[in-house]
Each structure stands twice: as C-alpha cells, then as structure tokens.
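Below: the structure, in structure tokens.
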Amino acid sequence: MALWGGRFKGKASLQFKKFNDSLPIDYRMAVQDIVGSIAWAQAIHEVGVLNDDELVRLTAALEELKASVEENPQQILLSDAEDIHSWVEIQLIEKIGDLGKKLHTGRSRNDQVATDLKLWCKETGGDLLFALVNLQQAMMNLAEREKDTVLPGYTHLQRAQPITFGHWCLAYVEMFDRDIGRLKDALYRLDVSPLGSGALAGTAYPIDRKALAHRLGFRTATLNSLDAVSDRDHVIELLASASISMMHLSRFAEDLIFYNSGEAGFVEMSDLVSSGSSLMPQKKNPDACELIRGKTGRVFGALTGMLTTMKALALAYNKDMQEDKEGLFDALDTWQECMEMAVLVADGLKVNRSRTLAAAQQGYANATELADYLVGKDIPFREAHHIVGEVVLAAIDKAVPLEDLTITQLQAFSDKIEQDVYQHLTIESTLNKREVLGGTSRAQVEKALATTQSGNEAI
Ligand code: ARG
C-alpha cells in the first residue's frame with residue numbers, strides 16, 4: 001500500500017517503483033522515524049487533532065513498533081513499502097486501524113525525512129566522536145611507549161632530521177584533535193529541528209515547534225521552513241569532516257606502509273591486521289593500512305557526490321535529495337571502521353628501534369647541526385649552509401657519515417671547527433636542542449603528551 005494514490009489512474013511500473021523506493025537504504029532510520037512520530041503525535045494532540053485516548057493508543061503502538069524494529073531491523077527489508085516513513089505508517093495502520101491514519105496530520109515526508117536524518121546523524125555522530133577519541137588515545141599510548149625511540153624524520157621522502165617515534169605519533173594526535181573539533185562543530189550546527197516545517201511552507205497547525213524540538217533532544221528549531229526541508233548542509237559537513245579525517249588516516253596508513261616496507265623495516269604490523277600472499281610464502285602484507293588508504297577514496301567520492309547533487313538544486317525539496325543517505329551512511333560506516341582498524345594497527349605495532357636509530361644516523365640527518373654549530377662560531381647561516389653542503393659532498397664521496405670525518409678533514413672546510421664539534425653531531429644533541437614549544441625534544445614530547453592527556457580526560 002502506498003501513502004498516495006488518489007490522484008492516480010494507473011499503477012507505477014515495477015521498474016520505476018524499484019528505482020524510486022528508498023527503503024533498502026533508509027530503513028536504518030526506523031527508530032528515528034518512530035521517535036519523531038511519537039513526538040509529532042504529542043504535538044498534534046496539544047493542538048487538538050488527537051484526543052487523550054488516541055494519543056495513548058498511538059504512542060503505545062509506536063513504542064511497540066520501536067521495540068520490534070530494535071530487536072529485528074531486518075524485518076523491514078521484507079516489505080515493499082516505498083520508504084521508511086511509509087513503512088512505519090503502514091505498520092501503524094495495520095496495528096491500530098484508522099487511528100494510524102491520523103498521525104500524518106500537518107506533517108510532510110519532507111520535514112519528516114529531514115528530522116529523521118538529523119536525529120540519525122546526532123546519534124551516529126556520538127559514536128564517531130567516541131571512535132576518534134579512542135584513536136587519539138591509541139596514538140598517545142603508542143607515543144608514550146615509543147617516546148625514546150629515535151626515528152628519521154622525512155621531507156620529500158628523504159631523511160631530513162632525527163625525531164622521536166613519539167613525536168611522529170603526536171603529530172597524528174594533533175590531526176585527530178582537529179577532526180574531533182570539526183565533527184563537534186558539525187554536530188552543533190545540525191542540532192536544529194526541522195519538524196513542523198511541513199512540505200515547505202510550515203505546518204498549518206499552531207504547533208509549538210521549539211517545545212517539539214526540545215522534546216526530540218534538539219537544541220532549537222529551524223527558523224525558515226523552505227530552508228529547513230531543503231537543507232542538506234549537515235550531510236555535506238559530516239562528509240567533509242569524514243573526508244578530512246580519512247585524509248589524515250590515509251597519511252597515517254601511508255607512513256606505516258612505508259615504515260613497514262622491506263626497505264625501511266622500521267615497524268612490523270601485528271598478525272591481527274596483516275595477511276599473506278597465496279603465492280609468495282614469505283609475504284606479510286600491511287592490508288589494514290592499505291585498505292584504510294584505499295577506502296579514503298570512497299569517502300571523498302561521497303562528499304563530491306553530495307556537493308554535486310545539491311548544486312543548483314531549486315528550492316525546496318526535490319527527489320534528488322533522496323540520494324543523500326546512501327553515500328552518507330556508507331562514508332560514515334567506512335570512517336568508523338577505518339578508525340577502529342587504525343586502533344588495532346597502533347596497538348599491535350612493533351617498532352624495530354635499532355633499525356630506526358640506524359636509519360636516523362644515516363643520510364646526513366645531522367647536517368643542520370653542523371651548520372648550527374658554525375653559526376655558533378659566528379659564521380652567518382647562509383655561509384654555514386654552503387660550507388656544510390661541501391662537507392656533505394666530501395663525506396658522500398668517502399661514503400662515511402659526517403661524524404666519521406677526522407678533525408683535520410673537517411677543518412679543511414672551516415678553521416672554526418674544533419674538537420667539540422663531535423658532541424654536536426650526536427643524535428642525542430640533535431634531539432635535545434629541539435626544546436621549543438612543539439619540538440621533538442624529549443621534554444617537549446612529554447609535555448605534549450601530558451597536555452593532550454588532560455584535555456581528553458576533560459571530554
Ligand atoms: N524518501 C524520501 C527521501 O528520502 C522522503 C520522501 C519525500 N517524498 C516526497 N514525495 N516529498 O528523501
């Protein structure tokens with residue numbers, strides 16, 4: 001049974017029906033649709049559409065339906081109802097007959113779907129926030145565990161300066177912190193109820209929309225009915241938050257794929273998140289990270305898709321907007337799953353500390369130290385940079401690190417170089433000098449860890 005039909009002489013083709021129906025996607029909003037319906041029944045009772053007894057019976061039937069879908073949401077998929085709103089109404093009418101037909105008084109599926117989706121986003125947003133905080137905590141645990149592990153820092157994928165593994169972890173802690181902020185912002189802005197906006201012009205019943213909004217747990221109610229039913233900014237903002245965060249996760253994944261490579265050998269992934277090759281028995285592949293990197297594309301696709309769907313769409317509701325849910329649900333599921341997988345990766349990561357140290361000692365990662373040493377001896381930095389460039393060239397020629405050049409060899413490039421130069425070239429000295437706020441020195445890493453930890457405890 002469809003919710004419409006009076007105006008029609010014939011039936012829709014089955015092919016069109018399948019094309020038009022959204023139940024296979026929007027059945028996930030069943031509980032939200034029912035919760036919204038219970039609040040709506042109360043609102044129309046307040047303006048005299050339903051009497052006390054009708055409200056009680058409608059509410060009881062809706063509560064019963066809610067318990068049933070909570071227990072078995074898959075039952076919905078057996079129906080050929082057009083969408084979740086139709087499904088709920090049809091069930092209601094089956095349960096309580098004609099009274100069920102009164103529920104939709106003053107309401108449109110346009111304000112209903114907008115409300116359901118926002119309710120769904122609010123709930124899912126809470127789960128996503130939890131996953132983000134968890135992920136951030138996992139990176140902090142890893143940072144704590146590896147705060148003394150020396151790691152080569154890279155630019156252009158060339159060894160640049162030594163850092164600690166803990167410092168690398170804390171870079172992601174910062175990124176996830178901004179992701180948390182972005183998600184919270186999006187959730188704050190969407191926390192406004194469209195219910196009572198009707199099809200587009202506002203309901204004709206004198207509903208107290210703010211009270212209705214509060215009853216549903218919204219911060220407030222929307223101020224323009226046209227906007228309320230045609231706004232999908234919140235979908236786009238959530239997709240943007242998901243995309244930015246997935247971009248961070250893809251960099252995390254890529255870094256680890258590189259660290260895990262045979263060439264680098266800095267880390268080993270836990271067996272919990274790796275697979276083997278069907279042909280090559282020696283292989284252990286970083287699949288979890290590769291899939292995180294790969295799935296990032298799907299999430300960006302959903303964002304681009306939704307922006308494109310909404311572009312130049314005339315006010316107010318158009319059926320185009322039904323396309324909002326498939327991409328959103330998939331993108332948020334993917335984001336959630338990738339965050340959980342990243343936690344497994346981080347928790348099980350084994351760092352090969354001697355390999356990371358050895359790599360940090362190669363590649364002339366202490367060249368900047370030598371330049372800074374010369375600056376300390378009153379040589380202007382640009383000149384020092386040039387001198388050290390020549391020293392590096394000579395060292396490459398001899399295939400030795402800077403600290404293996406003898407003092408006489410070094411003095412050939414500058415007579416300001418003295419015996420004390422060697423202590424400046426050690427990894428320890430390089431790290432400890434980065435004592436500035438946000439730097440890689442041990443003390444700074446400790447401080448950053450403590451600050452984020454107390455910030456998270458406050459959440
Ligand atoms: N299933 C639709 C959607 O997801 C909601 C129904 C609005 N339909 C309508 N004919 N106004 O957007």
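Here are the numbers for the structure shown:
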| item | result |
| --- | --- |
| Helices (runs of 4 or more DSSP H) enclosed by the range 1-101 - at least 1 residues per element that are closer than 25 Å to Ile207 by Cα and acidic (Asp, Glu) | 30-46, 52-71, 84-96 |
| Selection within the range 307-336 - touching a residue at least 40 places away in the same chain (Cβ under 8 Å) and away from the ligand (no atom under 16 Å from the Cβ) | Leu307, Ala331, Leu332, Thr334, Trp335, Gln336 |
| Meets criteria (touching a strand residue (DSSP E or B) at 6+ places or on another chain (Cβ under 7 Å), at pLDDT 95 or above and crowded, with 18+ Cβ neighbours inside 10 Å) for Leu216 | yes |
| Top-ranked residue of the range 275-310 - restricted to ones that are touching a strand residue (DSSP E or B) at 6+ places or on another chain (Cβ under 9 Å) and modelled with pLDDT under 85, ranked as surrounded by the fewest Cβ atoms within 10 Å (Cβ to Cβ) | Ser277 |
| Among (1) within 14 Å of the ligand (Cβ to nearest atom); (2) of a type in the set (A, V, I, L, M, F, W, C); (3) closer than 18 Å to Val445 by Cα, the one test that Val150 misses | (1) |
| Hits in the range 40-53 (condition: closer than 16 Å to Lys210 by Cα and either surrounded by fewer than 21 Cβ atoms within 10 Å (Cβ to Cβ) or basic (Lys, Arg) (or both)) | Gln42, His45, Glu46, Val47 |
| Near pairs, Cβ below 6 angstrom, 6+ apart or cross-chain, from the range 194-206 (closer than 14 Å to Ala114 by Cα) to any residue that is part of a loop (DSSP other than H, G, I, E, B) and aliphatic (A, V, I, L, M) | Gly196/Ile207; Leu200/Ala316 |
| Tabulated pairs, the range 164-192, first among the small types (Gly, Ala, Ser), second outside any helix (DSSP H, G or I), C-beta under 8 angstrom, 6+ apart or interchain | Gly166/Glu146; Gly166/Lys147; Gly166/Asp148; Gly166/Thr149 |
| Odd one out for Glu383 among (1) loosely packed, with under 15 Cβ neighbours inside 10 Å; (2) assigned to a loop (DSSP other than H, G, I, E, B); (3) of a type in the set (D, E, K, R) | (2) |
| Close pairs (6 angstrom Cβ cut-off, 6 or more residues apart or separate chains): under 13 Å from Pro73 (Cβ atoms) in the range 11-28, not in a helix (DSSP H, G or I) and not acidic (Asp, Glu) anywhere | Leu23/Ala81 |
| Count - residues of the range 64-105 that are closer than 17 Å to Ala39 by Cβ, within 15 Å of the ligand (Cβ to nearest atom) and surrounded by fewer than 19 Cβ atoms within 10 Å (Cβ to Cβ) | 1 |
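The values are calculated or read from the model by the stated rules, or taken from the named source; none is laboratory data. A quick note: this is a predicted structure, and the numbers were derived from the prediction, not measured. With ideal geometry, Cβ positions are generated from the backbone for all residues, glycine too; neighbour counts draw on all protein chains shown.
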